[in-house]
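Visitor: Handing you this structure, nothing more for now.
The values are calculated or read from the model by the stated rules, or taken from the named source; none is laboratory data. Bear in mind the structure is a predicted one, so any value in this text is a computation, not a measurement. We place every Cβ from the backbone using ideal geometry, glycine too, and count neighbours over all the protein chains shown.
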Amino acid sequence: MRARVPFVLAAGLWLAAFSNDKLDQWVAATILPPLQVETSVEVLDRNGALLRAYTVANGRWRLAVDPAAVDPDFAAALLAYEDKRFFNHHGVDPQALLRAALQAAWNGHVISGGSTLTMQVARLLEGSGTGQMAGKLRQMRLALALERRLSKQEILSLYLHLAPYGGNLEGIRAATLSYFGKEPLRLTPAEAALLVAIPQSPEARRPDRSVERATEARDRVLARALRDGLIDAEQLRAARSEVVPGKRRPFPALAPHMSDRIMAEEAGQKRHQLTLEKTLQSKLERLASEVVAGHGDRLQVAIVVADHGSGEMLASVGSAAFKADARAGFVDMTRAIRSPGSTLKPLIYGMAFDEGLGHPETLIEDKPSDFNGYRPQNFDKHFRGTIRLREALQQSLNIPVVALTDALGPAKLLAALDKAGVRYDLPGGQPGLAIALGGIGVSLEGMVQLYASIARRGVSLPLSHQMQGEHVEGQRVLSATAAWQVGDILAGLAPPPGAPENRLAYKTGTSYGHRDAWAIGFDGQHVIGVWMGRPDGTPVPGAFGADLAAPVLFQAFARLKPALDQQPAAPPATLLVSNAQLPQPLQHFRSRNAAFAPEKDAPAVAFPPDGAEVELLPEGLLVRVSGGKAPYTWLANGVPVAVSLGARETMLNALGRGFITLSVIDAEGRSARTKVRVR
């Protein structure tokens, strides 16, 4: 008898209060709990698919859901089983209460509850119990107040968000994703019945704890659905044959670095839609895990994919796994500043083409060179002699690209990076020729943006990771002709062993000490960048971009699409000729300063050196010339003091003291000078 008392009293209270004119005052004075339900922050892909979600307070999964995005058959089954007169009562159903009280009195125990769906929502909002009289009265009062404040659809929406589904699952969307791995828009009758049954006793009926109890509860709901005409006998048999899932599925956790990034950028926003594509992101995250396997526990990889036409990023893999492990997987290596190795060379060649310093068929010398004390070496320590610029870029030779950078000026290279929107870190603050070989810090995301500029006929466009309106064109970095020429050269590179033969324009790079391995490439529509190395910057012995990163680049393109998009045709102004057909100045590279530089055997004042302070001896001042052809003529402040001398060394007389400009002229009229102070 004790079990039936609360229900009988509740029913009696309701019947008595219903005729009391103080009911309105009682309901109106109800203090409502907060009606705004906290829901998980969600990160969606470009098509609205869930990439990643974050738990709410106490680690609960509660995802926002629009009632219109829930299978209507579930709503029908829910109301038929829980509250048939939901749309007719005002929060408390007298008939249900009376029925529950009479059944309890007749049977000696509770047969059915008298709670409406609105009363259940009241209980869930306040977290109150179900069996105590005070709790039941509070639920009735709050239900009546809710009905005055909210519409029926709003109350149903609260239930869809708050219904408990076992453990830390709340709301139908968290339940369908966890138990079925899908959104609640399309549910089978068996799935809908299970979702109706679990909230009645969520811990006892949760499938991951007891498949048997969950199945029994589901089947009772299905039987009621048959009785109410919601399903037929054939549907009942099919539904009962469905296996109840025995374990929970993990919630989507793709693009963790990008998700955390957008969370920081737009704090407080509940839904973030990225330009990433879920299927591709998943494929490349699996690829990242595969490529680091077998390479120790410290090697890491990062991959960025973008549509270079729109600038939208389609995938961003910051690491092989989002973990605090030896690989430092929590670090987003797409944004880390690293040395680019040789991957800046295509930009330098494109700038040289634009500046009229060369053409892909122009010849250049690959030989030991000294650039004011900077003596670069090729990676293999060998020299190729005279070689075409096309071949020099394809073979990634160092000396030719330093010569081009010297002719352009390092500051122009930095200006081009600025135009491309590439952030960089310049050690020492002053640009030098070493930046051509990786003596600068950039990110993988920045390098992908740079290569996207080349692929877009030389016009930059900032990479975007949020779905938004129209994209604004950036600055022109290279002319359309120079950009095409660079792409054509890179497309002539042989693919890595085992990779498909295609016209992928790509470049690899290896930083000093084997700390970074790069591979970046593009076709007619997409650009992909791959970085591999150790996040702590320590060397990876034997790591080369061509061997380590290039195969991953080709694998990434294979996961992106079955075949490459064709590279564009050459712009009309492109000069497609052989070296012999080039204009004379373009046939062989000469620096801009070549016309002003001394010839190899030109005369030079060997002594006294420029700026020296020398003592005038009784016999005169000793001078010496190197290079040139005899006879030599010496001048002091423009006045000849020794004429037609065959010797390279002589004593000059009749010199005064003070500052003197000494000049020497050889037999061919070539001259050299030095300024000294004579004491």
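Visitor: Only one residue in 276, 284, 347, 280 is hydrophobic (A, V, I, L, M, F, W, C), under 30 Å from residue 403 (Cα atoms) and modelled with pLDDT of 95 or more. Which one?
Guide: So the residue among 276, 284, 347, 280 that is hydrophobic (A, V, I, L, M, F, W, C), under 30 Å from residue 403 (Cα atoms) and modelled with pLDDT of 95 or more is 347.
Each row is one residue, and each column tells you yes or no for (1) at positive phi; (2) in contact with a Ser or Thr (Cβ under 7 Å, 6 or more places away or on another chain); (3) in a strand (DSSP E or B); (4) surrounded by fewer than 18 Cβ atoms within 10 Å (Cβ to Cβ).
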residue	(1), (2), (3), (4)
621	no, no, yes, no
629	no, no, no, yes
635	no, yes, yes, no
643	no, yes, yes, yes
651	no, no, yes, yes
656	no, no, no, yes
660	no, no, yes, no
676	no, no, yes, no
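Visitor: Does segment 395-407 contain any residue that is without any contact (Cβ under 8 Å) to a residue 40 or more places away in the chain and farther than 14 Å from residue 437 by Cα?
Guide: no
Visitor: For segment 543-594, enumerate the residues that are among the small types (Gly, Ala, Ser), more than 29 Å from residue 406 (Cβ to Cβ) and in a helix (DSSP H, G or I).
Guide: Residues satisfying the conditions are 556, 558.
Visitor: Can you say whether residue 225 is assigned to a helix (DSSP H, G or I) and among the aliphatic types (A, V, I, L, M), as far as the supplied structure shows?
Guide: yes
Visitor: Looking at residue 276 and the list (1) over 16 Å from residue 334 (Cα atoms); (2) assigned to a loop (DSSP other than H, G, I, E, B), which single condition is not satisfied?
Guide: (1)
Visitor: Let me ask another. Test residue 306 against the criterion of being free of Cβ contacts under 8 Å to residues at least 40 places away in the same chain, crowded, with 24+ Cβ neighbours inside 10 Å and either within 16 Å of residue 521 (Cβ to Cβ) or not assigned by TED's automatic domain parsing to the domain that holds residue 46 (or both), and give yes or no.
Guide: Against the criterion (free of Cβ contacts under 8 Å to residues at least 40 places away in the same chain, crowded, with 24+ Cβ neighbours inside 10 Å and either within 16 Å of residue 521 (Cβ to Cβ) or not assigned by TED's automatic domain parsing to the domain that holds residue 46 (or both)), residue 306 does not qualify.
Visitor: How many residues are touching a Ser or Thr at 6+ places or on another chain (Cβ under 9 Å) and assigned to a loop (DSSP other than H, G, I, E, B) if we restrict to segment 485-495?
Guide: Qualifying residue count for the region: 1.
Visitor: OK, next. Only one of these is in a loop (DSSP other than H, G, I, E, B) and β-branched (Val, Ile, Thr): 540, 530. Name it.
Guide: So the residue among 540, 530 that is in a loop (DSSP other than H, G, I, E, B) and β-branched (Val, Ile, Thr) is 540.
Visitor: Now for a separate question. Just a yes or no: is a residue in segment 283-297 in contact (Cβ under 8 Å) with a residue 24 or more places away in the chain, part of a strand (DSSP E or B), within 30 Å of residue 489 (Cα to Cα) and not assigned by TED's automatic domain parsing to the domain that holds residue 535?
Guide: no
Visitor: So, restricting to helices (runs of 4 or more DSSP H) that lie completely within segment 3-117, which ones have at least 2 residues that are outside the structural domain of residue 183 (by TED's automatic domain parsing) and at pLDDT 90 or above?
Guide: none
Visitor: What residue, among those in segment 139-182 that are among the acidic types (Asp, Glu) and in a helix (DSSP H, G or I), is surrounded by the most Cβ atoms within 10 Å (Cβ to Cβ)?
Guide: Only one residue fits best here, namely 147.
Visitor: Can you find a residue that is within 30 Å of residue 488 (Cβ to Cβ) and surrounded by fewer than 13 Cβ atoms within 10 Å (Cβ to Cβ) anywhere in segment 589-601?
Guide: Yes, segment 589-601 contains a residue that is within 30 Å of residue 488 (Cβ to Cβ) and surrounded by fewer than 13 Cβ atoms within 10 Å (Cβ to Cβ).
Visitor: Here's something else I'd like to know. Can you tell me which residues in segment 627-679 are among the aromatic types (Phe, Trp, Tyr) and out of contact with any Lys or Arg (no Cβ under 6 Å at 6 or more places or on another chain)?
Guide: Across segment 627-679, the qualifying residues are 632, 634.
Visitor: Mind checking which residues of segment 187-219 are farther than 19 Å from residue 237 by Cα and either assigned to a loop (DSSP other than H, G, I, E, B) or touching an Asp or Glu at 6+ places or on another chain (Cβ under 8 Å) (or both)?
Guide: 201, 206, 207, 208, 209, 210
Visitor: Within segment 518-545, count every residue that is of a type in the set (A, V, I, L, M, F, W, C) and surrounded by fewer than 20 Cβ atoms within 10 Å (Cβ to Cβ).
Guide: The number of residues fulfilling the criteria is 1.
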